[in-house]
Every structure is written in C-alpha cells, then in structure tokens.
Amino acid sequence: MEIIKFILMIIGMFLVTFIPRVIPLILLGNKELPEKVILWLSFIPAAVLSALLAPSILLQNGSLSLKLANTSLVAFFPTLLVAYKTKNIFYTVSGGLVFYLITAALF
C-alpha cells in the first residue's frame with residue numbers, strides 16, 4: 001500500500017511541475033510576444049531570487065535584524081557591489097561566500 005502512495009505522490013509532483021510549464025508553451029509557442037511582455041518577463045528571475053534571498057539576509061531567529069551582528073546582512077553589501085561591478089554570477093557567488101566567511105570570522 002505504501003508503494004501506491006509513493007507512486008501517486010511522484011505522479012502528482014510530475015503533474016504540478018509539468019503542467020505549468022507546458023501550458024504556456026502550447027498556448028504561446030507559435031506567437032510573437034509584444035516587446036512590453038518580454039521586458040516584463042525579463043524581471044521575473046530577479047524578483048524570484050530577491051524574494052528567496054531577502055528573508056535569509058534580513059531575518060535572524062524569525063525577526064528582523066538590521067545589526068552588525070547579522071553576518072548575512074553585512075556580507076550582502078560588498079557582494080552587491082561585486083555583482084554591480086562585474087555582472088558575473090561566478091564572481092558574485094564566490095565573493096559573497098568569501099565576504100560571508102570573513103564577516104563570520106570577524107563578528
């Protein structure tokens with residue numbers, strides 16, 4: 001009986017990830033999108049990444065922490081500078097890791 005639940009769970013996970021990806025391809029695959037829509041869609045990855053990172057940077061123990069003791073927040077600013085200057089994901093992630101380790105060692 002457990003194997004049936006497991007298989008149904010896998011099928012369910014497949015459907016909830018597959019359907020939202022396939023429907024836009026079917027509906028919009030042959031159409032040319034307006035320039036404004038393409039511009040709007042280009043902001044989605046940055047918005048999603050920001051929404052994922054903001055809580056881990058700004059929160060400590062479930063509450064807002066804007067102190068120097070918040071190593072993630074302190075390391076965020078030089079990482080943001082690296083991202084702005086280089087526009088390279090490898091340098092940004094590597095720099096963020098280095099800045100976080102340095103900040104954690106200092107504070």
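Select, from SER94, SER72, the only residue that is surrounded by 11 or more Cβ atoms within 10 Å (Cβ to Cβ), small (Gly, Ala, Ser), in a helix (DSSP H, G or I) and modelled with pLDDT of 95 or more. Quick ask: steps written out before the conclusion?
Details: SER72 fails: modelled with pLDDT of 95 or more.
Answer to the selection: SER94.
Residue by residue through the stretch 26-52, note down the ones that are open to solvent by 80 Å² or more (accessible area, probe 1.4 Å) and within 18 Å of GLY96 (Cα to Cα).
LEU49, LEU52
Going through SER56, SER72, SER65 one at a time, which residue ends up being small (Gly, Ala, Ser), touching a strand residue (DSSP E or B) at 6+ places or on another chain (Cβ under 7 Å) and within 24 Å of PHE107 (Cβ to Cβ)?
Details: SER56 fails: touching a strand residue (DSSP E or B) at 6+ places or on another chain (Cβ under 7 Å); SER72 fails: touching a strand residue (DSSP E or B) at 6+ places or on another chain (Cβ under 7 Å).
Matching residue, one of SER56, SER72, SER65: SER65.
How about the stretch 52-69: which of its residues are touching a residue at least 12 places away in the same chain (Cβ under 8 Å) and part of a helix (DSSP H, G or I)?
Matches in the stretch 52-69: SER56, ILE57, LEU58.
The values are calculated or read from the model by the stated rules, or taken from the named source; none is laboratory data. Bear in mind that the values here come from a model prediction, so they are computed numbers and not experimental data. Here the Cβ is made from the backbone with ideal geometry for all residues, glycine too, and neighbour counts use every protein chain on show. Remember, those area values only see protein heavy atoms, side chains included, never the ligands or the DNA or RNA. Shrake-Rupley method; radii C 1.70, N 1.55, O 1.52, S 1.80 Å.
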